[in-house]
Amino acid sequence: MKKDKLNNEVNEVEEPVQDGLFKKEMDRRTFLEGTTKVAGAAFGLTLLGSLTSLPAKAASISSGMYSNGRKPDLIFPVISDVHIQHQSDDFLNKLITTLDQLNKVVPKQDAFVVNGDLTDLGLVSEYDKFFSAYNVRKQPQAISMFAIGNHDYWNGLSAADAQKRFLSYTGMESMFYHKVVNGYHFIVLYTEDGNTPGTFSVKQIQWLDEQLKIANDDNQKKVNNSEKDDNSQGDDNWIKPIFVFHHQPIKGTIYGSEWGFDQNRDLFYNTLAKYPQVISFSGHTHYPLDDPKIIMQKDFTAIGTSTGAYMWLDSGRIQGEIPGDFASILNQALIVEVYNNEKVVIKRRDIHNNDWTGEPFVIENPGNKKEFTYTADRDKKAPFFTNHAMLSVVNGNTTATSLAIMFTQAKDNLLVHDYKMVVRNAATKAVAKEYLAFSEFYKDPVPNPLTLQLDQLNPNTMYEVEVTAIDAFGNVSNNSLKVLAKTLTPIPHSQMKATATSEETVGANNAASMAIDDDTTTFWHTKWDKSDVLPQSITLSLGGTYTIDKVTYLPRQEGSNGIITAYNLYVSTDGVTFTKVTSGTWENNSAEKLAKFNPTNASYIKLEATAGVNGWASAAEINVLETVKN
């Protein structure tokens, strides 16, 4: 576990950021000052037949934190959304890393749970890959438990046949089942088809109700009989947790639960709510474990299980729902430790970083709602910028229609989740644009300062930019940062001419001229029939000779076909001999892209697409910028 500590307490508002504004990064554990009181949540269902008692007893060690030197009475990892693919081994390699690392961190596991989406499409080859990695690494004493996810149905088979394939590979007794491990009840549910939000029938929920009663009665019987393990200690009124697993989350619970199910949602929730000691685990969202809302307590405990494949995030932020520079890196797992008559500890593991992230969630008494700590109203403290925080303009990345800003990250007692940027016309004070952006809390290291590009602005305009911080619970900073900045003036499109090696003019007017018409709703596009394969290029005659050092590329704003993802950029003074000045790759999204190079004289520029979405190239607008004279 990282040792660095960043003191984020609100009473330190007068203190500067520890290493100054231009400390380039902070580790994510430092950024996430964790809480230390409550933990996880589990939803799920169990087996159609009788209760299976599994007396496996393993002395488990992960980390000594929060254990007072005592070994847990039960320990098990939980992973989900592995998404093994038939066409690539990328996620397979991540799974292998996960299993190897968890075996080192938890050398003696009592159970191992995979909470759905083992595969991307439920194909035989994908199951073969998954179990080629899993079977040789699973610990023989650990009880394996698998839940099916919606992706495991996406193989073209009927739901029944997809389930048969799942059972054949996983070896589970049925699609939903109930096991007992070391005296603790595990109830595993299943989504009943490939519907993305999830399908949990009334019949299955009724079965869940029956199994919860069985588990509760069994635990109560043991209490009445004063059954205790030899090393039990702590609260005699402690209520044993019941672990429930289901792939999709219940809407209105944890971070990301907007991706959960509506059908029978209230019946499902109310069934669990009868038993506060339920800890319900759900996957599906791919949301990272770092947000404190990943665990929520109201009538029971619910917790998300992240992903071993790729990250997904909230919509509406500058970085997008799948930030291209980190989404494929994220790989996380949970490790659950139970100390009988004392507490449940849920640790968050960054597999990709081989380290813990945030503080463990600690549930002192799972069955006592009065002791619930991870509630929706747990945090009322607003984030803040220190007195030494700074906001500046990155002139080198400013364009005709965008401003690049860089600022010191704010502080919070839990987590700064977002920043809101309000851009006002400096002359009229009218709001020109508002933006939301992630603090990039999901990265390790967390960037500090944070750099953001604010696009869709007007050329040659002075703006005032104001930045406020928003934490994970929606608390907004009382102070803000402000800066004045001016967009650049591009070489006018009105004096340019555009030609292309390929353009679609039959099915639609996607001629080269559409890339310089000052209309972001139109675009140049290579021939639809793909008779002109990439690379293809578009050339702009600038209408004069200029010293330039930037070219911006705005992809089409609707659809994605032809978004250029790899390019070469050339310049010429005569339109005949072209010299390459830069090349690179761009993310597959609709945000404006920037190509920078050393100042050079040019009368023509040529943008060559060497790769584009689905084999095409397209462009909504291309701007050329003169070198700014100091």
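Structural remarks
- Residues that are assigned to a helix (DSSP H, G or I) and among the β-branched types (Val, Ile, Thr) are absent from region 71-85 altogether.
- Scanning region 394-417 for residues that are open to solvent by 10 Å² or more (accessible area, probe 1.4 Å) and either free of Cβ contacts under 8 Å to residues at least 40 places away in the same chain or under 15 Å from Lys293 (Cβ atoms) (or both) yields Asn413, Leu414.
- Index of the failed condition, Met296 passing every other in (1) within 27 Å of the chain's Cα centre (by Cα); (2) surrounded by 24 or more Cβ atoms within 10 Å (Cβ to Cβ); (3) over 22 Å from Lys380 (Cα atoms): (3)
- Residue in region 289-301 that is of a type in the set (S, T, N, Q) and either modelled with pLDDT of 95 or more or closer than 20 Å to Val114 by Cβ (or both) present: yes
- The set of residues in region 186-221 being in contact with a Gly (Cβ under 7 Å, 6 or more places away or on another chain), farther than 30 Å from Gly156 by Cβ and either of a type in the set (S, T, N, Q) or at pLDDT below 95 (or both) is empty.
- Residue ranges of strands (runs of 3 or more DSSP E) in region 89-181 with at least 3 members open to solvent by less than 20 Å² (accessible area, probe 1.4 Å) and more than 25 Å from Asp350 (Cβ to Cβ): 177-181
- Selection status of Asn614, out of contact with any Phe, Trp or Tyr (no Cβ under 9 Å at 6 or more places or on another chain) and either open to solvent by 20 Å² or more (accessible area, probe 1.4 Å) or within 22 Å of Ser502 (Cα to Cα) (or both): yes
- In the set (1) under 29 Å from Thr545 (Cβ atoms); (2) open to solvent by less than 50 Å² (accessible area, probe 1.4 Å); (3) in the same structural domain as Arg556 (by the TED database), Asp455 fails one condition alone, (3).
- In summary, Glu321 fulfils each of the numbered conditions (1) of a type in the set (Asp, Glu); (2) in contact (Cβ under 8 Å) with a residue 12 or more places away in the chain; (3) open to solvent by 10 Å² or more (accessible area, probe 1.4 Å) with the single exception of condition (2).
- All positions within region 506-533 that are of a type in the set (Val, Ile, Thr) and surrounded by 12 or more Cβ atoms within 10 Å (Cβ to Cβ): Ile516, Thr520, Thr522, Thr526
- Residue check, Ala376 more than 22 Å from Asn115 (Cβ to Cβ), touching a residue at least 60 places away in the same chain (Cβ under 8 Å) and either assigned to a strand (DSSP E or B) or outside the structural domain of Asp217 (by the TED database) (or both): yes
- Here Lys593 meets each of (1) of a type in the set (D, E, K, R); (2) closer than 26 Å to Gly320 by Cβ; (3) open to solvent by 20 Å² or more (accessible area, probe 1.4 Å) with one exception, condition (3).
- Gly562 being on the phi > 0 side of the Ramachandran plot, open to solvent by less than 40 Å² (accessible area, probe 1.4 Å) and in contact with a Gly (Cβ under 8 Å, 6 or more places away or on another chain): yes
- Members of region 407-449 that are under 15 Å from Glu466 (Cβ atoms) and among the aliphatic types (A, V, I, L, M): Ala410, Met421, Val422, Val423, Ala426, Ala430, Val431, Ala432, Leu436, Ala437
- Failed item in (1) within 23 Å of the chain's Cα centre (by Cα); (2) closer than 19 Å to His352 by Cβ; (3) touching a residue at least 60 places away in the same chain (Cβ under 8 Å), with Val114 passing the rest: (3)
- Test: residue in region 316-335 that is modelled with pLDDT under 95, over 30 Å from Pro459 (Cα atoms) and hydroxyl-bearing (Ser, Thr, Tyr): yes
- Residue list for region 371-385, filter: closer than 25 Å to Glu342 by Cα and among the aliphatic types (A, V, I, L, M): Ala376
- Odd one out for Asn395, checked against (1) more than 22 Å from the chain's Cα centre (by Cα); (2) modelled with pLDDT of 95 or more; (3) under 26 Å from Val624 (Cα atoms): (2)
- Every condition in (1) out of contact with any Pro (no Cβ under 6 Å at 6 or more places or on another chain); (2) of a type in the set (A, V, I, L, M, F, W, C); (3) surrounded by 21 or more Cβ atoms within 10 Å (Cβ to Cβ) holds for Leu391 except the one numbered (3).
- Ile351 being buried (at least 19 other Cβ atoms within 10 Å of the Cβ) and aliphatic (A, V, I, L, M): yes
- Filter result for Leu542 (hydrophobic (A, V, I, L, M, F, W, C), in contact with a Leu (Cβ under 7 Å, 6 or more places away or on another chain) and open to solvent by less than 30 Å² (accessible area, probe 1.4 Å)): no
- Selected residue [out of contact with any Asp or Glu (no Cβ under 9 Å at 6 or more places or on another chain) and more than 21 Å from Asn341 (Cα to Cα)] from Asp117, Asp89: Asp89
- Criterion violated by Thr547 - all others in (1) crowded, with 18+ Cβ neighbours inside 10 Å; (2) within 26 Å of Gln495 (Cα to Cα); (3) in contact (Cβ under 8 Å) with a residue 60 or more places away in the chain satisfied: (1)
- Against the test of being without any contact (Cβ under 8 Å) to a residue 40 or more places away in the chain, outside the structural domain of Asn458 (by the TED database), in a strand (DSSP E or B) and touching a Ser or Thr at 6+ places or on another chain (Cβ under 6 Å), the options Leu594, Leu569 yield a single qualifying residue, Leu569.
- Check on His388, farther than 30 Å from Pro492 by Cα and touching a strand residue (DSSP E or B) at 6+ places or on another chain (Cβ under 7 Å): no
The values are calculated or read from the model by the stated rules, or taken from the named source; none is laboratory data. In this text the structure is predicted, and so the values were computed from the model without any measurement. Positions of Cβ are generated from backbone atoms using ideal geometry, with glycine treated the same way; all protein chains shown enter the neighbour counts. These area figures cover heavy atoms from the full protein model, side chains too; ligands, DNA and RNA do not enter into them. Shrake-Rupley method; radii C 1.70, N 1.55, O 1.52, S 1.80 Å.
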